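Below: one structure, written as structure tokens.
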Number of protein chains: 2
Amino acid sequence: MDKQSAPPLLLEEFIPYRLNKAAEAVSQRFAGLYRDQYGLTRPEWRSLATLGQFGVLTATAIGAHSSMHKTKVSRAVFALEKRHWLRRMRDETDRRIENLELTPAGRKAYVELAKVAHAFEAELLASLGPRGETELKAGLAALEGYYRKAKC
Amino acid sequence: MDKQSAPPLLLEEFIPYRLNKAAEAVSQRFAGLYRDQYGLTRPEWRSLATLGQFGVLTATAIGAHSSMHKTKVSRAVFALEKRHWLRRMRDETDRRIENLELTPAGRKAYVELAKVAHAFEAELLASLGPRGETELKAGLAALEGYYRKAKC
DNA sequence: TCAATTTAGTTGCAATTGTGACGATCTATT
DNA sequence: AATAGATCGTCACAATTGCAACTAAATTGA
């Protein structure tokens, strides 16, 4: 008789939970950097990073690239525009569209934050060791294959 | 002259971003299961799972185990209590404390959901292949070592 | 012993987020 | 053309969340 059977699920071994916790921990640490030094929220940082990477994008494209809801992007874009880090350009061939672009000030902040991001990532990966780095990247790549194909 | 220099940061290669996106994708798929079939929110599912695993816990302990803010736990506990999946027991030696326990109905739901969770995880891991599974688990373990030590 | 501090849990309030509807514009079909 | 439907971005509203204050109870320490 099992007077104390094993629990049917061990949360700390459950992959979705572990993944979430790890992502949350890493994100919060990184978020501290752009929040404290630049007063950015996460949607703002993501919009800045996406726009910095691609140059000129519509709000919809920012959302598609960075997996954010369109209202989040809309608000983030407004915030970045208010601090003159971003400007809107009317598209002459389709007037529903706003082409968005970083201003020189926005680009400057982006370049600085990109450095911070690289430094953060380097420190994270260093602490994992070369073995851990390889495994993590391979594991993430495997996952990305999974949910990309399973999206539909 | 570099008329088009490489962007300073490629978001789709940036570990915190990839980790977040992967976790979000996996969590949302799993959340669909307990939401559609049981009407649970994420904090409710986590509280149920934690309590199911440990038997009797205080609200604070649930939060500590599952990394949730105490107000989230408080509200989740209330919701679970309302559907009679959980009951509160007064602690006679410390009357600030509420010892929480799943009711038979709550335990039944937990056992069912644990099966769903295992099935989900099994399918996820299967789709990664044995190689991907090993790498992902090793990568997560490395990360957990990182932020556990860096927490302080 | 009793005031000060700490801890457990809840609640009000403010900030953030998601949903749905909307106006404006473009595209497709007739 | 003209109507119907799709798309872009925004806004009002509702739901979710986090923060800070709070009550109640235990602990500390003068």
Worksheet item: Hey, got the average number of other protein chain Cβ atoms within 10 angstrom for residues in B:47-56?
Response: 3
Worksheet entry | Length released on extending from residue B:10 to residue B:28, taking residue separation times 0.36 nm less the Cα-Cα span | 4.0 nm
Worksheet entry | Residue order, fewest to most surrounding Cβ atoms within 10 angstrom, among B:77, B:56, B:111 | B:56, B:111, B:77
Worksheet, complete the sentence: Here, residue B:69 and residue A:56, labelled 7 Å along Cα→Cβ, have an inter-label distance in nm of 4.1
Discussion item. How shielded is A:21-33 by partner chains, expressed as the average number of their Cβ atoms within 10 Å of its Cβ atoms?
Written reply: 6
Discussion item. Suppose a student asked you for the relative contact order of chain B, using Cα pairs under 8 Å spaced at least 6 residues apart; what percent would you report?
Written reply: 17
Worksheet item: Shortest first and in nm to one decimal, what separations exist between residue B:31 and its copies in the other chains, measuring from label points 7 Å along the Cα-to-beta-carbon line?
Response: 1.3
Worksheet entry | Rough spin-label spacing in nm, given labels placed 7 Å along Cα→Cβ, for residue B:144 and residue A:101 | 4.9
Practice prompt. List, in the order given, every pair from B:21/B:70; A:21/A:70; A:115/B:72; A:72/B:72 whose Cα-Cα distance in the structure shown is over 28 Å.
Written response: A:115/B:72
Item to complete: Rank these for me by crowding, A:115, A:82, B:21, going from fewest to most other beta carbons within 10 Å.
Response: A:82, A:115, B:21
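Read-outs: derived from the displayed coordinates by stated rules, not from any lab. Since the structure is predicted, the reported quantities are computational estimates derived from the model, not experimental observations. Backbone-built Cβ (ideal geometry, glycine too); neighbour counts: all protein chains shown.
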